[in-house]
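These notes concern the structure reproduced below.
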Amino acid sequence: MTTGHWDSLPLFAHVDGAEYGDGLTDAQAEFLAHEHRIVVLGKWVGRTRHGSTEAGNAIALRRLKEINPDLRVHCFWAVNDQFSAFHAAAAVARVPQDYIVRHPDGGEYLSMPHHQDIFAWDTSHPELRKWWVTTIVDRVLEEGWDGVHVDGIKQYVMRRHVKAAALGHEVAAALAAGVDILLADLRAALPDRPILYNGIKSSPWWPDGGRRYLDAGLADGVLLESFGCGAAPSAEPAWMLADLDLVSALDRRNKVVVFGSKPDARPDPAEALRFSLACFLCSAGSNSYLRFPLPGLGRETFAPYLRPIGAPRGPAERLDGGLRLRRDFERVSVEVDLDTGAARFDWAAG
């Protein structure tokens, strides 16, 4: 167990996907509990074996806490997705279908673009908001979760123009305003539990970078998703630099920041991990954590980096017009080029 933030690589995991439907293997549970600081259990974990997300998650939560009581484990809850097939609490028989957004023409239910079989919550509906908050608060308090990870905010707020194209500007604005109320009500109901959300992003569609809920005191931390990859202009060097500045600024304000990247951030997954880790270290502070999804949650790919880092000796130095960064820690010096993707680690001997 570490005693300092930089005694080892501060890892964050969001575990989800059909491969976890039977729950966590012994190796996965040990890796999560011993090498990570914060773990989010998603809708799939244990759902196939135990019949619902709630039942499967509760078993995985207890197992992780038995291995490492100090591990912070957060419950996953989305503002936008009606996962009736996953959550017992969201079964159609228990949740009125008025809670689902309908197309203005024809009245058909609106499905999510990335999941055609999953419908979109009507966050403008007061009864939906009451049910949404009550349901997650009951789970957190009854099952003993350390906090909540709220997903889907960007779908309704940052990408409000997409909803407006399908539903009209008035409906899209009401959905976005409903998200604000949801978070305010959740904060009021869980004043002492950390709330993380997804997220921040330097984007033309996100003028404040997504930090508004931190600024308003409605959340304690935020996820930067898909650094260096995903929708344009995420992979452009200037926008990546803006993301790094956003991470550093929020960390300095003592906000939890999860630096999320993916194996497709560079052409080769191993290179993507090196690049993402170098960018993380050049922007991170004592409130920052790295999320880099790995197939099967294996330890092997991370193994070369699971070593003491030591405190940073100062902020990152910007070279070559600011697109090449270098930062020194007690046990490693890191250099990364945002333009070429080249990354270098010089570890101290011993």
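The values are calculated or read from the model by the stated rules, or taken from the named source; none is laboratory data. Everything quoted here is computed from the prediction, not taken from an experiment. Neighbour counts are summed over all protein chains in view; Cβ atoms, including those assigned to glycine, are modelled from backbone coordinates with ideal geometry. Surface accessibility is based on the protein's heavy atoms, side chains included, excluding ligands, DNA and RNA. Shrake-Rupley method; radii C 1.70, N 1.55, O 1.52, S 1.80 Å.
Count charges around F76 for me, please; just the other residues with Cβ under 12 Å from its Cβ, Lys/Arg as +1, Asp/Glu as -1.
Its environment carries a net charge of -1.
Can you give the accessible area per residue of the stretch 1-42, in Å², using a 1.4 Å probe?
On a per-residue basis, 37 Å².
Name the long-range amide H neighbours of V222: under 5 Å, sequence gap of 5 or more, or other chain; modelled H, no Pro or chain starts.
Y197, V256, V257, V258
Can I get the semi-axes of the chain's equivalent ellipsoid? Compute them from the C-alpha gyration tensor as square roots of 5 times the eigenvalues, in angstrom, largest first.
Calculated on Cα positions only, the semi-axes equal 34, 24, 18 Å.
Taking Rh as the Kirkwood radius, which is the inverse of the mean 1/r over Cα pairs, what is the Rg/Rh value for the stretch 167-247?
1.02
In µm²/s, what is D for the stretch 91-247 at 4 °C and 1.567 mPa s, where D = kT/(6 pi eta Rh) by Stokes-Einstein and Rh is the Kirkwood radius from Cα pairs?
Answer from the Stokes-Einstein relation: 77 µm²/s.
Carbon and sulfur together cover what percent of the accessible area of the chain at a 1.4 Å probe radius?
The C+S portion of the solvent-accessible surface of the chain is 50 percent.
Beyond a 26 Å Cα-Cα separation, which of these cross-linked pairs lie in this structure: K43/K163; K130/K262; K43/K262; K201/K262; K130/K201; K65/K130?
K130/K262; K130/K201; K65/K130
Assign unit charges at the C-beta atoms only (+1 for Lys and Arg, -1 for Asp and Glu), then state the dipole size of the stretch 175-320 relative to its Cα centre in Debye, rounded to the nearest 20.
Roughly 360 debye for the stretch 175-320.
As a check on your grasp of the helix formula, calculate [θ] at 222 nm for the chain: sum -39500 (n - 2.57) over DSSP H runs of n ≥ 4, divide by the residue count, round to the nearest 500.
Rounded to the nearest 500, it is -10000 deg cm²/dmol.
Over all alpha-carbon pairs of the stretch 1-134, lay out the pair-distance distribution in 10 Å bins, whole %, shortest bin first.
12, 36, 28, 18, 6, 1
What percent of all Cα-Cα pairs in the stretch 274-350 falls into each 10 Å bin, going from 0 up to the bin containing the maximum distance?
Once binned at 10 Å, the Cα pair distances of the stretch 274-350 give 18, 50, 29, 4.
Once amide H atoms are built 1.01 Å from N in the peptide plane, which residues 5 or more positions from R253, or in another chain, come under 5 Å H to H?
For R253, whose amide H was placed from the backbone, there are no distant partners under 5 Å.
Relative to the longest principal Cα axis of the chain, at what angle does helix 237-252 sit, 0 to 90 degrees, rounded to 10?
Compared with the principal axis, the helix lies near 80 degrees.
For the stretch 1-51, take the alpha-carbon Rg, divide it by the Kirkwood Rh, and send me Rg/Rh.
1.06
If amide hydrogens are placed 1.01 Å from N in the peptide plane, which non-local residues have theirs closer than 5 Å to the one on R102?
Those qualifying (amide H under 5 Å, at least 5 residues apart or on another chain) are L110.
Quote the convex hull volume per residue of the stretch 64-135, based on C-alpha atoms, as a whole number of Å³.
In the stretch 64-135, the Cα hull volume divided by residue count equals 125 Å³.
Can you give me the accessible area per residue for the stretch 56-134, using a 1.4 Å probe, in Å²?
That works out to 47 Å² for each residue.
Working from Cα positions, state the angle (0 to 90°, nearest 10) between the long axis of helix 53-67 and the longest principal axis of the chain.
Once rounded, the angle reads 30 degrees.
Roughly how tilted is helix 26-35, in degrees to the nearest 10 and between 0 and 90, from the longest Cα axis of the chain?
60 degrees
Considering only the chain, what is the antiparallel percent among its DSSP beta bridges, to the nearest 5?
Counting DSSP beta bridges with both partners in the chain, the antiparallel share is about 40 percent.
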